[in-house]
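K.L.:
Here you go, one structure.
Taken together, the values in this text are just the output of simple stated rules run on the coordinates, not laboratory data. Note that the coordinates shown come from a computational prediction; the quantities given were computed from them, not determined experimentally. FYI the Cβ positions are ideal-geometry reconstructions off the backbone, even for glycines, and counts take in every protein chain you see.
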Amino acid sequence: MIKKLHFWIKFICLLIILPIVCFIASPLKLIIVLVFLLILFRLNNINFNSFDNYGSFRPIPLVIFIMLSSIFFITGPLDNRIILGSILSLRFIILIGLGILFAIVTSPIEIPTALMQAKIPHRYGIVMMVAYRMMPIMQQKMEMIKIAQQARGANTNLSLKHISLFYKSILALIVPLIYAILELSVNMSTTLLIRGYNPNGRITIPPKTFDKKNWLLLSICILLLIWTI
């Protein structure tokens with residue numbers, strides 16, 4: 001459903017309107033926003049295992065961290081701090097879920113197309129598309145580098161007893177990662193130039209298409225925002 005919608009509709013609804021609703025909504029209305037988010041996931045046949053491909057999102061550690069922070073840093077009765085921590089955890093989970101949903105339903109090629117429709121030069125859209133596409137690739141390279149360094153005896157687990165060794169291990173991960181990023185960027189830029197891409201050339205701008213589904217999602221999000229306010 002959402003995958004076929006226009007880029008700007010997805011951007012406005014998932015990254016602007018719904019996050020604002022999430023920040024200002026009361027606890028009861030926040031639950032309704034969560035239900036709406038789960039419905040969007042269901043309509044697009046997205047399961048929670050897909051989160052591993054978009055940032056390795058783990059909700060339980062996030063909830064534990066926010067709950068502990070609320071207990072120790074918020075003043076007031078303990079039960080009140082637990083309730084505030086639970087509400088804050090729910091807000092962050094919804095925000096991260098919206099970002100992951102946008103990443104899943106958005107194709108990289110939509111970025112330069114949408115920017116060209118907004119009268120922005122296509123070279124900026126190509127840069128954003130390449131950066132967007134490189135995120136999962138760099139995550140895979142990071143995992144490969146980490147496994148390779150662990151095979152050589154590097155310890156990447158944080159330990160207060162061996163804090164100096166931990167920093168050396170992190171450095172052993174950062175240096176090959178930077179090299180991999182530079183190598184990948186050079187290869188991708190060379191590929192674009194070989195295929196005849198001209199950053200300063202002219203490209204035909206595709207027409208804007210907003211069907212009923214686009215207006216339906218936008219209307220629902222605006223109504224949620226008005227109802228929350």
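K.L.:
Once you order the gyration tensor axes a ≥ b ≥ c over the Cα atoms, which shape class does segment 85-131 get: rounded for a/c under 1.5, otherwise prolate or oblate by comparing a/b with b/c?
P.N.:
Prolate, since a/c reaches 1.5 and a/b exceeds b/c.
K.L.:
How large is ³J(HN,Hα), in whole Hz, for each residue of segment 212-229 in order, when computed from phi with the Karplus curve 6.51 cos²θ - 1.76 cosθ + 1.60 and θ = phi - 60°, using x for Gly and Pro?
P.N.:
Once θ is set to phi - 60°, the couplings for segment 212-229 become 5, 5, 4, 5, 5, 5, 5, 5, 4, 5, 5, 5, 4, 5, 5, 5, 5, 5 Hz.
K.L.:
Moving on to the next point. How large is ³J(HN,Hα) for each residue in segment 191-199, as worked out from phi by the Karplus curve 6.51 cos²θ - 1.76 cosθ + 1.60 (θ = phi - 60°), to whole Hz, x for Gly and Pro?
P.N.:
In residue order, the calculated couplings are 4, 5, 5, 5, 7, x, 6, 10, x Hz.
K.L.:
Next question. Describe numerically, in nm with one decimal, the distance between label points set 7 Å from Cα along Cα→Cβ at ILE109 and at VAL186.
P.N.:
3.0 nm
K.L.:
Using the structure shown, list the pairs from LYS10/LYS146; LYS4/LYS146; LYS119/LYS213; LYS141/LYS213 with a Cα-Cα distance above 29 Å, or answer none.
P.N.:
Exceeds cut-off: LYS10/LYS146; LYS4/LYS146; LYS141/LYS213.
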